[in-house]
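J.: My questions all concern the structure below.
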Amino acid sequence: MTGVRVRGVLFIHSAPKALCPHVEWAAGSALDRAVNFNWNAQPVLKNSMRTEYFWEGSEGTGAKLASALRGWEHLRFEVTEDPTAESDGARWMHTPDLGIHYSQVDTAGNIVIPEDRVRYAMDVAGSDAFELHRELKLALGQAWDDELEVFRHASDENQVVWLHRAG
């Protein structure tokens with residue numbers, strides 16, 4: 001890892017209550033410090049919890065967090081790593097059924113699909129527009145977004161600050 005400092009967010013969308021201390025331990029190991037999350041009930045899934053944790057670390061810390069948490073049964077999470085002047089951003093999404101999905105993210109928050117991945121989608125699809133559509137949705141992580149969306153809305157109870165046009 002480089003000396004570039006980055007920020008990001010760890011969203012645990014759902015974790016069984018018994019798994020919460022283990023998630024904290026794994027995240028703390030990836031961040032090289034002890035962490036204590038503020039857990040809330042996840043209303044979408046009975047007996048599960050959710051949390052959000054804002055982190056800072058070296059470039060690549062997001063990958064360390066995602067690797068530490070991936071593959072855990074019944075755990076749904078997202079990790080974001082914000083872009084900097086020296087590095088692209090990233091986003092990892094994980095669900096028990098789909099596994100993990102990685103996306104490169106630009107400075108505006110858009111998912112970037114590398115040229116080789118687009119070429120692969122075109123080669124696989126040939127002249128079949130529906131197959132090209134399916135391949136591009138896969139490259140964008142659409143299935144992960146679809147599965148996690150209902151869990152994301154649990155944070156909608158958080159206070160919203162509306163910014164209005166001045167002048």
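J.: Quickly run through the stretch 1-46 and pick out the residues that are assigned to a helix (DSSP H, G or I), of a type outside the set (Asp, Glu) and out of contact with any helix residue (DSSP H, G or I) (no Cβ under 8 Å at 6 or more places or on another chain).
T.: Those that are assigned to a helix (DSSP H, G or I), of a type outside the set (Asp, Glu) and out of contact with any helix residue (DSSP H, G or I) (no Cβ under 8 Å at 6 or more places or on another chain): Lys17, Ala18, Leu19, Cys20, Pro21, His22, Trp25, Gly28.
J.: From (1) over 19 Å from Val6 (Cβ atoms); (2) among the basic types (Lys, Arg); (3) within 12 Å of the chain's Cα centre (by Cα); (4) at pLDDT 95 or above, pick out the condition that doesn't hold for Arg50.
T.: (3) is the only condition that Arg50 fails.
J.: I want to confirm something. Restricting to the stretch 87-99 and keeping residues that are out of contact with any Leu (no Cβ under 9 Å at 6 or more places or on another chain) and assigned to a strand (DSSP E or B), which single residue is farthest from Leu138 (Cα to Cα)?
T.: By that ranking, first place goes to Gly89.
J.: If I filter the stretch 62-90 down to residues being out of contact with any strand residue (DSSP E or B) (no Cβ under 6 Å at 6 or more places or on another chain) and acidic (Asp, Glu), which single residue comes out as farthest from Phe151 (Cα to Cα)?
T.: By that ranking, first place goes to Glu86.
J.: Consider the stretch 29-85. How many of its residues are free of Cβ contacts under 8 Å to residues at least 12 places away in the same chain and surrounded by 21 or more Cβ atoms within 10 Å (Cβ to Cβ)?
T.: Going through the stretch 29-85 one residue at a time, the tally reaches 0.
The values are calculated or read from the model by the stated rules, or taken from the named source; none is laboratory data. Note that this is a predicted model, so its numbers are computed, not measured. Note that each Cβ is placed from the backbone with ideal geometry, even for glycine, and that neighbours are counted across all protein chains shown.
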